[in-house]
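Asks: So that we are looking at the same thing, I have put the structure below in structure tokens.
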Amino acid sequence: MSTHEHTPILQVNGLEVYYGAFQAVRNVSFEVKPGEIFGLLGPNGAGKTSTLSAIEGLIRFRSGHITVAGHDVRQKPLYARANMGVQLQSTSFQAELTITEIIRLYAGIYGVNMTAEQILAVLAEIQLADAAGKRYGQLSGGQQQRVSLVIATIHDPSLVLLDEPTTGLDPQSRRQLWERIEAIREKGHGVLLTTHSMEEAESVCDRIAIIDHGTIVAIDTPAELIQRHRHDPEVISASRKGRITLEDVFIGLTGRTIRS
Amino acid sequence: MKNTIPATAAVYTSLLRADFTTLWRNRRAAILVFLVPVVILISWKGIVDKMGGAFALSMCITIGLTAIGLMGYTISIARDRDKGIFQRLRVAPVPSWTIMASRITVQIAMITALTLLVFIVGANVDKVVLTPAGYIFGLLMALAGGAVYLGLGQMIVGLIKNPEAVNATTRLVYFAFIMIGMFGELGVLGESLKQIVIWSPFGTVKRIVSDSLYPGTWSQHTSMALLVTIGYAIVFTVLGIKWFRWNTK
């Protein structure tokens, strides 16, 4: 594990999010440190995306504090956003623009000067140099995800937020994506991600928070979570492979009921 | 490393370049917006003398403004919102107003291009030649009138989230404005409807554009129409901004 003990890049304290009378996030607190991949896991509707949206400044939260690289997201939203890179769950870029034009657009938005050669080099890194003139709408799902991740990290942010980044990807694309995410960690940046893949979370995340009904029910390293809950009756009954996995712990803590 | 926020001018320039590129790639749709007023102007060639140059040009400009505001701007905003394009922009260090300012700048360019095109076709096909003051005033009033339809479009995307419903609604409103506006003003649909049309967004915009083309004809009625036009633009825009949501969920 490459977690460095420094000031957290992301601090979330006592976060509460409401949609009308419905409380989606209840007193959520956690932090992401430099060089750490932090996984936020939970069933559908548990509050993962709401938490991420609050950090990204896309929704107003009722109470709590969030800081990104020391910037309060409510008081200095632009500074906070300048220090985070985001890959949304359903990211879409202008379908009429080529990927070169999209990268140039976001480089400009993030204040990064990039020449045509630099853009081509970035595309070559993700094996899309041949598609430089292709429109975003013409790319496959995996190619779109690669472009999306490049744009999320184009300004070398301290914090990268990834909302279910591997959904719909084939194994090759998924493997390449995880390699890129691990490379971000190696550079000392923090990564906060949500995923439904327990295997991926177990193998890649340094720490994990399991959220359910808007509340964090467990937070620790994957190994510690498994160790701590391996004797829980709900976890044992969830086990299918003869050994306790993170998925068993997840099912044990959040229940077997299918969420909407 | 702590990143600083980029200059607003640089952000705006980047957005503007992307929005103009998008417009260029969708140029067929833009050409269709221009085509309707130009076709009307050409087909009216034989009767322009009877109806007057100001009537013909102002009618065509008003029809074009309605198409730009209701169909071009509104449909593109509804579509991009539904695709999540705005949400992606909003998680970047971009002041939200710059996103809309860039979109509106593109529409202002469209309004300017439409007005100039109508002037050129009017001069070359219908032999309607104005004074320099007429051209300048005409352009300014077209921009003022364009604000009404952009505001109305903003209100529609504020009220309706589904892009297909927005599409259908704007086409319906466009058709109603053109048909009721054109025939209503001529008195074909009755005197009371004629009065409603005269003070409707269609009628006031047409009036200020028409009288600005021949500045000598500007009257107290035109000044009142200008005030009403500004009022429409403010009310529609304020309500449109108030009701607008950046995502469809």
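Asks: Check whether at least one residue in the stretch A:22-35 is among the hydrophobic types (A, V, I, L, M, F, W, C) and out of contact with any strand residue (DSSP E or B) (no Cβ under 9 Å at 6 or more places or on another chain), and report yes or no. Show your work before the answer.
Replies: To start, the set of residues in the stretch A:22-35 that are among the hydrophobic types (A, V, I, L, M, F, W, C) comprises A:22, A:24-25, A:28, A:30, A:32.
When the remaining residues are screened for being out of contact with any strand residue (DSSP E or B) (no Cβ under 9 Å at 6 or more places or on another chain), the result is A:22.
Yes: the stretch A:22-35 contains one or more residues that are among the hydrophobic types (A, V, I, L, M, F, W, C) and out of contact with any strand residue (DSSP E or B) (no Cβ under 9 Å at 6 or more places or on another chain).
Asks: Of the residues in the stretch B:5-47, how many are without any contact (Cβ under 8 Å) to a residue 60 or more places away in the chain, within 12 Å of another protein chain (Cβ to nearest Cβ) and either under 22 Å from B:Ala142 (Cα atoms) or exposed (fewer than 12 other Cβ atoms within 10 Å of the Cβ) (or both)?
Replies: Number of matching residues: 6.
Asks: Sticking with this one: How many residues are assigned to a helix (DSSP H, G or I) and away from chain B (no Cβ under 11 Å) if we restrict to the stretch A:104-145?
Replies: In the first step, residues of the stretch A:104-145 are kept if they are assigned to a helix (DSSP H, G or I); the result is A:104-109, A:116-125, A:129-131, A:136-138, A:141-145.
Imposing the further condition that a residue be away from chain B (no Cβ under 11 Å) reduces the set to A:116-125, A:129-131, A:138, A:141-145.
Of the residues in the stretch A:104-145, 19 are assigned to a helix (DSSP H, G or I) and away from chain B (no Cβ under 11 Å).
Asks: A further question on this structure: From the list B:Gly184, B:Gly158, pick out the single residue that is out of contact with any Phe, Trp or Tyr (no Cβ under 7 Å at 6 or more places or on another chain), part of a helix (DSSP H, G or I) and either surrounded by 14 or more Cβ atoms within 10 Å (Cβ to Cβ) or free of Cβ contacts under 8 Å to residues at least 60 places away in the same chain (or both). Give the derivation first.
Replies: Details: B:Gly158 fails: out of contact with any Phe, Trp or Tyr (no Cβ under 7 Å at 6 or more places or on another chain).
After applying the criteria, what remains is B:Gly184.
Asks: To continue, here is another question. So which pairs qualify, if the first residue must be in the stretch B:81-98 and facing another protein chain (nearest Cβ under 7 Å), the second must be among the hydroxyl-bearing types (Ser, Thr, Tyr), the Cβ gap must be under 6 Å, and the two must be at least 6 apart or on different chains?
Replies: Once the first residue is facing another protein chain (nearest Cβ under 7 Å) and sits in the stretch B:81-98, its partners that are among the hydroxyl-bearing types (Ser, Thr, Tyr) give B:Lys83/A:Ser92; B:Gly84/A:Ser90; B:Gly84/A:Ser92; B:Ile85/A:Ser92; B:Arg88/A:Thr91.
Asks: Quick check, is A:Gly142 surrounded by fewer than 18 Cβ atoms within 10 Å (Cβ to Cβ), in contact (Cβ under 8 Å) with a residue 60 or more places away in the chain and more than 19 Å from A:Leu40 (Cα to Cα)?
Replies: Criteria not met by A:Gly142.
Asks: Among the residues of the stretch B:188-209, write down those that are small (Gly, Ala, Ser) and not in a helix (DSSP H, G or I). Walk me through how you get there before you give the answer.
Replies: Taking the stretch B:188-209 first, the residues small (Gly, Ala, Ser) are B:190, B:192, B:200, B:203.
Residues satisfying the conditions are B:Gly190, B:Ser200.
Asks: Please go through the stretch A:184-220 and pick out each residue that is loosely packed, with under 15 Cβ neighbours inside 10 Å and either at pLDDT 90 or above or touching a helix residue (DSSP H, G or I) at 6+ places or on another chain (Cβ under 6 Å) (or both).
Replies: Let us first name the residues in the stretch A:184-220 that are loosely packed, with under 15 Cβ neighbours inside 10 Å, namely A:186-187, A:199, A:203, A:217.
Across the stretch A:184-220, the qualifying residues are A:Glu186, A:Lys187, A:Val217.
Asks: So which of B:Ala147, B:Ala168, B:Ala123, B:Ala133 ends up being out of contact with any His (no Cβ under 6 Å at 6 or more places or on another chain) and either within 14 Å of chain A (Cβ to nearest Cβ) or surrounded by 22 or more Cβ atoms within 10 Å (Cβ to Cβ) (or both)?
Replies: On the way: B:Ala168 fails: either within 14 Å of chain A (Cβ to nearest Cβ) or surrounded by 22 or more Cβ atoms within 10 Å (Cβ to Cβ) (or both); B:Ala123 fails: either within 14 Å of chain A (Cβ to nearest Cβ) or surrounded by 22 or more Cβ atoms within 10 Å (Cβ to Cβ) (or both); B:Ala133 fails: either within 14 Å of chain A (Cβ to nearest Cβ) or surrounded by 22 or more Cβ atoms within 10 Å (Cβ to Cβ) (or both).
Being out of contact with any His (no Cβ under 6 Å at 6 or more places or on another chain) and either within 14 Å of chain A (Cβ to nearest Cβ) or surrounded by 22 or more Cβ atoms within 10 Å (Cβ to Cβ) (or both) holds for just one of B:Ala147, B:Ala168, B:Ala123, B:Ala133, which is B:Ala147.
Asks: Sticking with this one: Pick from A:Gly35, A:Gly39, A:Gly47: which is more than 15 Å from A:Pro8 (Cβ to Cβ), touching a helix residue (DSSP H, G or I) at 6+ places or on another chain (Cβ under 6 Å) and in contact (Cβ under 8 Å) with a residue 12 or more places away in the chain?
Replies: Working: A:Gly35 fails: more than 15 Å from A:Pro8 (Cβ to Cβ); A:Gly47 fails: touching a helix residue (DSSP H, G or I) at 6+ places or on another chain (Cβ under 6 Å).
Testing whether each residue is more than 15 Å from A:Pro8 (Cβ to Cβ), touching a helix residue (DSSP H, G or I) at 6+ places or on another chain (Cβ under 6 Å) and in contact (Cβ under 8 Å) with a residue 12 or more places away in the chain leaves just A:Gly39.
The values are calculated or read from the model by the stated rules, or taken from the named source; none is laboratory data. All values derive from a computational prediction rather than experimental measurement. Methodologically, a virtual Cβ is constructed for each residue, glycine included, from the backbone with ideal geometry; neighbour enumeration extends over all protein chains shown.
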